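One structure is given below, encoded as structure tokens.
The values are calculated or read from the model by the stated rules, or taken from the named source; none is laboratory data. What you see is a predicted model, and the numbers here were worked out from it, not measured in a lab. With ideal geometry, Cβ positions are generated from the backbone for all residues, glycine too; neighbour counts draw on all protein chains shown.
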Amino acid sequence: MARMETLQAAAEELRRRFGQSPQAGVVLGSGLGGLADRVQEAQAVGYEELPGMKPSTAPGHRGRFVLGKLGGKTVLLMQGRLHLYEGHTMEEIVFPVRLMGLLGIRALVVTNAAGGVNLSYRVGDLMLMEDHINLMGTNPLIGPNLDCLGERFPDMSRAYSPALRALAKAQADRMGLELREGVYAGLTGPSYETPAEIRMLRILGADAVGMSTVPEVIAARHMGIEVLGISLITNMAAGVLDQTLSGEEVIAVGRERGSALQALVEGVLEEMEL
Ligand code: HPA
């Protein structure tokens, strides 16, 4: 099947299963899947049930869509995302984001676990993504442009919606939650970075580093969807502290501090005008 037809077929199947359209989408990062438990009137569809969609194999990622009410909005959540390091292509990674776009979401909230590159950051901090640096060496829009989704050369100068960022800051203030704001560098992984690479990222202007999110944001902006990104700093990046990094630690911190991030996302959804 052609690329667009596969997308349309999967979108049709999701519409048929859910029977209602989402207003916003949420991508839940490593260890952050708990927000799906707060969704009311929840219905779930496994990624493997949809034509053209790849399963999620990463630890801490369930691999299903959940639709329901959150913060008073009809929301479609990705409980688990796809990563380049799993062996998926960039196009496969953004397939579910495009699906959410075809179902009609107007805003996308992306969350992730990230390493702290900025030396003033601490484990457990929440960082509003103000921008990203794509260091994955590729781009999900490479190949013939899908003109019905968006233009060939989409603008990325406001990739992370200034209006949604202002909403998130106001909401964090009301909650008494400290929110950092910084630049996320996206690398492929799956090996963590070397201390030299982290020093390089700091010179490049990165505040946090991770292995996801960037492709999803590019695909969402291609479709004209407004994006809000929030990183949970699950560890200080390599070489900052005198200790080694582990995937278990990342997921454990996600579970411990995930509730603050979840409350923030829920509060922001409540305030969003969609
Ligand atoms: N590096 C890359 N990705 C990550 C990290 C990190 O230190 N922590 C969580 N995801």
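Restricting attention to region 87-143, report how many residues are among the small types (Gly, Ala, Ser) and part of a strand (DSSP E or B). Residues meeting the conditions: 5. Filtered by the rule that a residue be in contact with a Leu (Cβ under 7 Å, 6 or more places away or on another chain) and surrounded by fewer than 18 Cβ atoms within 10 Å (Cβ to Cβ), region 24-39 gives a lone residue, 38. Of all the listed residues (208, 237, 252, 196), the sole one being within 19 Å of residue 110 (Cβ to Cβ) and either within 11 Å of the ligand (Cβ to nearest atom) or surrounded by fewer than 20 Cβ atoms within 10 Å (Cβ to Cβ) (or both) is 208. Picking from residues in region 53-76 that are within 14 Å of the chain's Cα centre (by Cα) and at pLDDT 95 or above, the one that is nearest to residue 222 (Cα to Cα) is 76.
When residue 224 is tested against the conditions (1) near the ligand (Cβ under 10 Å from one of its atoms); (2) on the phi > 0 side of the Ramachandran plot, the lone failure is (1).
In region 28-52, the qualifying residues are those that are of a type in the set (A, V, I, L, M, F, W, C) and more than 17 Å from the chain's Cα centre (by Cα), and the one that is farthest from residue 268 (Cα to Cα) is 50. Taking the criterion of being over 13 Å from the mean Cα position of the chain (by Cα) and within 16 Å of the ligand (Cβ to nearest atom), the residues of region 77-115 that qualify are 84, 85, 86, 115. Please list, ordered by first then second residue, the pairs with beta carbon atoms under 8 Å, 6 or more apart or interchain, first in region 45-70 and under 28 Å from residue 249 (Cα atoms), second of a type in the set (Lys, Arg) and assigned to a strand (DSSP E or B). Hits for this filter: 46/64; 47/64. Residue pairs whose Cβ atoms lie under 8 Å apart, separated by 6 or more positions or on different chains, with the first residue in region 9-26 and of a type in the set (D, E, K, R) and the second in a loop (DSSP other than H, G, I, E, B), are 13/50; 13/51; 15/21; 15/103.
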